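The values are calculated or read from the model by the stated rules, or taken from the named source; none is laboratory data. Since we're looking at a predicted model, the values are computed, not measured. Here the Cβ is made from the backbone with ideal geometry for all residues, glycine too, and neighbour counts use every protein chain on show. Surface areas here come from the heavy atoms of the whole protein model, side chains and all, with no ligands, DNA or RNA. Shrake-Rupley method; radii C 1.70, N 1.55, O 1.52, S 1.80 Å.
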Amino acid sequence: MTLAINAHFYVPYAQHDEANSLETLQVRTAGAPELLIPEVERVVATVAPDLPVFDVETMTDALNTLAGLLIFKIGAALAAAFGILGIILATVGVYGVISYVASQRTHEIGIRMALGAHSQDILRMILGQGIVIVGAGLTIGLAAAFSAAHVVRNFVTVSATDPLTYLIVSATLTLVAVLACYIPARRATKVDPMVALRYE
C-alpha cells in the first residue's frame with residue numbers, strides 16, 4: 001500500500017493576495033437570524049469602514065441556492081417523481097398481464113368451477129401465477145441492483161448495499177404488485193361457470 005503525500009505550505013495572512021480574496025463571516029444567533037443582518041452590517045462598517053460587505057444572508061437562504069443544497073433537493077424531487085412514475089407503470093403492467101392471463105383462462109376457470117372448484121381455489125390459482133411473475137421480476141431486479149451498486153456508491157449518502165433500503169423497497173413493490181394481481185384474480189372468481197364454458 002502506497003501513501004501519497006502532497007506538498008503544502010503556509011502563507012502568512014499579511015502576504016495573502018487581497019485582490020482575489022473573499023472573507024466570509026458567519027454569525028450564530030439565538031433569535032431570528034434575518035433580524036441580525038442590519039446589526040452585523042453596522043458593526044462591520046464601524047470596525048472597518050473601507051471593507052465592502054455584500055451577499056449578507058441567512059444560512060438557510062445560502063443553502064437554498066444552486067451553489068448550496070438546492071441542486072440536491074431538485075435531484076431528490078426528480079428521483080422521487082421518476083420512482084412514483086415507475087411504480088405506477090409497474091402496477092399497471094402487472095395488472096394488465098394478470099388480467100390478460102385470467103381472461104385467457106376463462107374457459108378453464110369455468111370447467112374447474114363446474115367440477116366443484118371453489119372461488120378461493122380460483123383466487124389462489126390466479127394470484128399464485130401473479131406472485132410467481134412478481135417474484136421473478138423482484139429477483140432479477142435485486143440482482144441487477146446489487147451488480148450496479150458499485151457504480152452508484154459515490155453518488156448516494158447511504159451504503160449502496162444498505163439492507164434496510166432493499167428490504168423496504170422490495171416490501172413496497174411486492175405489496176403493490178400483489179394488490180395489482182388481486183383485483184383481476186378476484187374478478188375471475190365471479191365468473192359464471194355456464195358463461196365461462198361457452199367462452200371462446
Among residues of region 107-124, those that are under 33 Å from the mean Cα position of the chain (by Cα) and open to solvent by less than 40 Å² (accessible area, probe 1.4 Å), counted: 1
Which of the residues that make up region 63-83 are aromatic (Phe, Trp, Tyr) and surrounded by 11 or more Cβ atoms within 10 Å (Cβ to Cβ)? 72
Quick one: count up the residues across region 33-62 that are in a helix (DSSP H, G or I) and open to solvent by 70 Å² or more (accessible area, probe 1.4 Å). 11
Considering each residue of region 125-159, count those that are loosely packed, with under 13 Cβ neighbours inside 10 Å and not small (Gly, Ala, Ser), and give that number. 13
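Residues are listed down the side, and each one gets a yes or a no for (1) in contact with a Ser or Thr (Cβ under 9 Å, 6 or more places away or on another chain); (2) free of Cβ contacts under 8 Å to residues at least 60 places away in the same chain:
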position	(1), (2)
75	no, yes
80	no, yes
88	no, yes
98	no, no
104	no, yes
113	yes, no
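Matching residues to (1) on the phi > 0 side of the Ramachandran plot; (2) not aliphatic (A, V, I, L, M):
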residue: 74; (1), (2): no, no
residue: 86; (1), (2): no, yes
residue: 93; (1), (2): no, yes
residue: 96; (1), (2): no, yes
residue: 100; (1), (2): no, yes
residue: 109; (1), (2): no, no
residue: 112; (1), (2): no, yes
residue: 116; (1), (2): yes, yes
So residue 86 clears everything in (1) open to solvent by less than 50 Å² (accessible area, probe 1.4 Å); (2) of a type outside the set (Val, Ile, Thr); (3) closer than 29 Å to residue 36 by Cβ except one condition, right? Which one? (3)
Between residues in region 179-194 that are at pLDDT 75 or above and residues that are open to solvent by less than 30 Å² (accessible area, probe 1.4 Å) and of a type in the set (Val, Ile, Thr), which pairs lie under 6 Å by C-beta distance while being six or more apart or on different chains? 181/98; 184/98; 185/126; 188/109; 188/122; 188/126; 189/122
